[in-house]
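The values are calculated or read from the model by the stated rules, or taken from the named source; none is laboratory data. These numbers were taken from a predicted model, which means no experiment stands behind them. Cβ placement follows ideal geometry from the backbone for every residue including glycine, while neighbour counts extend to all protein chains displayed. Heads up: the accessible areas ignore ligands, DNA and RNA and are worked out on the full protein's heavy atoms, side chains in. Shrake-Rupley method; radii C 1.70, N 1.55, O 1.52, S 1.80 Å.
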Amino acid sequence: MTDVSGPLERVVEALARLAARGETIEDEWTYVHDLETVWVARLRAVAVAGAAAEPPPPGPTPAELEAALDRLVAEADLVTDPHRAIDWLSTLPQATLVALGEAAW
Amino acid sequence: MRFQDAAKDARAVVYAGVQADPLVARAAALLADATPPQRVLARAVMNGETTAPESWRTMFPTLFGSTGPAEGSPERDRSEAVLAASLAVAGRGEQVRSQFRGAIVEAVTELLLERRVGAGAIRRERRILFDGVAAEIHPYDVTVETPGVAEAYDCKWGARGISADVLHQLDDARAHAAAAGGRLLPVLVVFDARRSCEGRLARQTAPRTGTRLVTIETLDRLSGRRAEVAS
């Protein structure tokens with residue numbers, strides 16, 4: 001895996017936007033931010049491990065990976081309903097990890 | 001401890017129609033044999049907005065990209081089939097797809113359990129009755145009914161479906177069975193990552209130590225197979 005810290009930070013930003021939408025469900029405020037916290041930590045850990053991997057493990061080409069993460073972020077940004085935003089707070093990181101060739105959890 | 005078919009109220013009749021839809025069976029059969037990444041694909045598509053398959057192929061390069069399984073290979077064909085079925089579910093509209101997603105998780109659970117205990121021991125939409133105890137209103141999605149040992153499954157599409165009510169109902173069944181000298185294993189099946197489920201459970205005060213949690217990455221344990229370690 002090549003250095004993906006830049007693209008992954010765009011996913012992290014997308015998670016923040018999903019959290020902002022999801023937190024409008026008052027009863028779920030804490031859960032929304034718990035989800036964001038644990039998944040951002042997981043994504044950043046993957047970014048650090050990927051940057052240090054030598055040689056890089058097999059996975060999608062850099063161009064395919066870039067396109068995948070761009071498209072996943074765009075998909076997350078299509079979600080306007082706060083309930084679905086909460087669903088996507090869990091789905092986006094799992095899909096991102098699959099795109100990277102990582103275990104999705 | 002006794003099992004009983006749930007009453008056929010109006011909601012149950014409508015939901016039975018969803019459960020019987022061929023699309024549910026088709027999606028469940030695919031997901032029962034899917035890899036963890038293919039299950040994540042299904043989760044994303046059924047949760048998603050985009051209806052163009054090419055966009056999803058772009059989002060999942062390890063399944064559809066140049067370094068993924070070759071076109072025409074069984075693995076690639078299954079990814080395409082999962083994508084097509086998931087798009088068909090997403091295309092049913094928000095309200096209906098929510099019901100379909102739940103029914104699919106139940107159907108996948110049933111299929112995987114069949115591989116371990118055989119179809120004859122598995123029932124759907126059953127209530128569990130104990131002498132001297134008021135019966136729960138909501139039936140269990142799936143039960144395994146074998147002499148001496150029973151299993152009760154509550155199936156959820158996402159971690160957000162985990163609630164105090166669900167946890168209490170599962171644990172109550174376990175406790176009542178034990179009090180009656182029987183054994184009942186309560187299981188919560190969630191088509192979502194354990195990381196998200198643990199976040200949900202961390203805020204719950206309802207009892208959960210006697211309830212087994214099966215998540216999207218460990219679904220295969222229902223069939224007696226160990227989960228894959230990596231995607």
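Across every direction, the projection of the convex hull enclosing the Cα atoms of chain A has a mean area of 5.7 nm². Per residue, the accessible area of region B:1-145 comes to 42 Å², computed with a 1.4 Å probe over protein heavy atoms only.
Heavy-atom accessible area buried between chains A and B is around 3100 Å² (1.4 Å probe, both sides summed). Calculated [222 nm] ellipticity per residue, helices only, for chain A: -25000 deg cm²/dmol; basis is -39500 (n - 2.57) per DSSP H run with n ≥ 4, divided by all residues, nearest 500.
Considering only alpha-carbon pairs that sit under 8 angstrom and 6 or more positions apart, the relative contact order computed for region B:10-98 is 33 percent.
Which of the three applies to region B:10-98, rounded, prolate or oblate, going by the alpha-carbon gyration tensor with a ≥ b ≥ c and a/c under 1.5 meaning rounded? Prolate, since a/c reaches 1.5 and a/b exceeds b/c. Counting only alpha carbon atoms, the long axis of helix B:22-32 and the longest principal axis of chain B meet at about 90°.
Globularity index of the protein assembly as shown is 1.01 (Cα radius of gyration / 2.2 N^0.38 Å, N = number of residues). Computed from backbone phi with θ = phi - 60° and the Karplus coefficients 6.51, -1.76 and 1.60, the 3J(HN,Hα) list for region B:168-180 is 5, 4, 5, 6, 4, 4, 4, 5, 5, 4, 5, 5, 8 Hz; x is used for glycine and proline. Note on B:97-107: average number of Cβ atoms from other chains within 10 Å of each residue's Cβ is 0.
Shape call for chain B from the C-alpha gyration tensor, a ≥ b ≥ c root eigenvalues: rounded (a/c under 1.5), prolate (a/b greater than b/c) or oblate? Write down the numbers at each step before the final one.
Working: a/c = 1.96, a/b = 1.78, b/c = 1.10.
Prolate.
When both region B:43-86 and region B:10-34 are represented by their alpha-carbon centers, they are found 21 Å apart.
On the accessible surface of region B:10-98, probed at 1.4 Å, how many percent belong to carbon and sulfur atoms?
Details: 2000 of 3460 Å².
Within region B:10-98, the accessible surface is 58 percent carbon and sulfur.
Amide H contacts for B:Lys156 (H built 1.01 Å from N in the peptide plane; partners 5 or more residues away or on another chain; cut-off under 5 Å): B:Val189, B:Val190, B:Phe191.
Computed from backbone phi, the HN-Hα couplings of region B:50-62 come to 5, 10, 7, x, 4, 4, 5, 4, 5, 6, 10, x, 6 Hz, rounded to whole numbers (Karplus: 6.51 cos²θ - 1.76 cosθ + 1.60, θ = phi - 60°; Gly and Pro given as x). For the residues of B:38-46, the average number of beta carbons from a partner chain within 10 Å of their own beta carbon is 4.
Proximity of backbone amide H atoms, modeled 1.01 Å from N, is registered between A:Ala103 and B:Ser231 at under 5 Å, excluding neighbours fewer than 5 places apart on the same chain.
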